[in-house]
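What follows is a short report on a single structure.
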Amino acid sequence: MKKLVIFDLDGTLLNTIDDLATSTNYALQKNGFPTHELPEYKFFVGNGINKLFERALPEGEKTEENILKIRKEFLIHYNIHNADLSKPYPGIVSLLQELQSKGVKIAVASNKYHEATKKLISEFFPMIDFVAVFGQREGVPAKPSPDVVMEILSLAGCEKEDTLYIGDSNVDMQTAINAGVDACGVSWGFRPLSEIEEYSPRFIANKAEEILAYACM
């Protein structure tokens, strides 16, 4: 049985794509750039918001200056509207409660900026006592760097072999590999299942309750 389960946020615990797309389109439009349809955003996210803005900007406009302009307007909008349409995936709340009841430590490691990560976790999962909730922070390399996972292991007092990392993308699978912990990919997230399968994770979950079975093996 695993002692620690670390979750990605966007595309794993929460379906946040509508709010991310709306706020990015708002920022693009405010700066005179074309917007995108929602499905495109599933391939823009995953490496932090600056990379999201770079991917959303037109070719020839992906400059540091433009990224910072988009970031400024995005943060103004998203800090207010980041929970308008976002919601937990089916079975996630029950899964977290079951893990907690079994004494499993639970943590979040996201490439979403730290302020929004903390806010969304507090908004949707107030009943869960997370051992750590980390978004992207200044001075800490983003996933797939293993740094955030190693920090959580230290805080939780757990070993790699007692840890399961859950995510929906290639970034998450590579993070688990880099950290030397077991990975579980989820099929309900933003990226196609084939992207996860390329990394041969220990488990693939099609429903939230399957994670409970894997964690308790």
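The values are calculated or read from the model by the stated rules, or taken from the named source; none is laboratory data. Just so you know, these numbers come straight off a predicted model, no measurement behind them. Counting neighbours? That spans all protein chains shown, and the Cβs are built from the backbone with ideal geometry, glycine included. These area figures cover heavy atoms from the full protein model, side chains too; ligands, DNA and RNA do not enter into them. Shrake-Rupley method; radii C 1.70, N 1.55, O 1.52, S 1.80 Å.
Within region 124-138, can one find any residue that is free of Cβ contacts under 8 Å to residues at least 40 places away in the same chain, in a loop (DSSP other than H, G, I, E, B) and in contact with a strand residue (DSSP E or B) (Cβ under 7 Å, 6 or more places away or on another chain)?
Yes: region 124-138 contains one or more residues that are free of Cβ contacts under 8 Å to residues at least 40 places away in the same chain, in a loop (DSSP other than H, G, I, E, B) and in contact with a strand residue (DSSP E or B) (Cβ under 7 Å, 6 or more places away or on another chain).
Among the residues of region 54-99, which ones are open to solvent by less than 60 Å² (accessible area, probe 1.4 Å), assigned to a helix (DSSP H, G or I), under 30 Å from VAL131 (Cα atoms) and among the aliphatic types (A, V, I, L, M)?
LEU75, ILE92, VAL93, LEU95, LEU96, LEU99
In region 1-27, what residues are open to solvent by 10 Å² or more (accessible area, probe 1.4 Å), among the polar types (S, T, N, Q) and not in a strand (DSSP E or B)?
THR22, ASN25, listed by residue number.
Need pairs with beta-carbon distance below 8 Å; first residue without any contact (Cβ under 8 Å) to a residue 40 or more places away in the chain and farther than 25 Å from LEU38 by Cβ and within region 188-202, second of a type in the set (A, V, I, L, M) and open to solvent by 60 Å² or more (accessible area, probe 1.4 Å); sequence gap 6+ or separate chains.
TYR199/ILE177
Give the residue, chosen from PHE44, PHE33, that is within 24 Å of VAL186 (Cβ to Cβ) and assigned to a loop (DSSP other than H, G, I, E, B).
Details: PHE33 fails: within 24 Å of VAL186 (Cβ to Cβ).
One residue alone meets the criteria, PHE44.
Filter region 154-170 down to the residues that are under 26 Å from GLU195 (Cα atoms) and either touching a Leu at 6+ places or on another chain (Cβ under 9 Å) or crowded, with 21+ Cβ neighbours inside 10 Å (or both) and list them by number.
Kept after step one, since they are under 26 Å from GLU195 (Cα atoms), are these residues of region 154-170: 160-170.
If the condition is that a residue be under 26 Å from GLU195 (Cα atoms) and either touching a Leu at 6+ places or on another chain (Cβ under 9 Å) or crowded, with 21+ Cβ neighbours inside 10 Å (or both), then LYS160, ASP162, THR163, LEU164, TYR165, ILE166, GLY167, ASP168, SER169 are the ones that fit.
Which ones in region 119-153 are closer than 24 Å to TYR214 by Cα, open to solvent by 30 Å² or more (accessible area, probe 1.4 Å) and in contact with a Phe, Trp or Tyr (Cβ under 6 Å, 6 or more places away or on another chain)?
Selection gives nothing.
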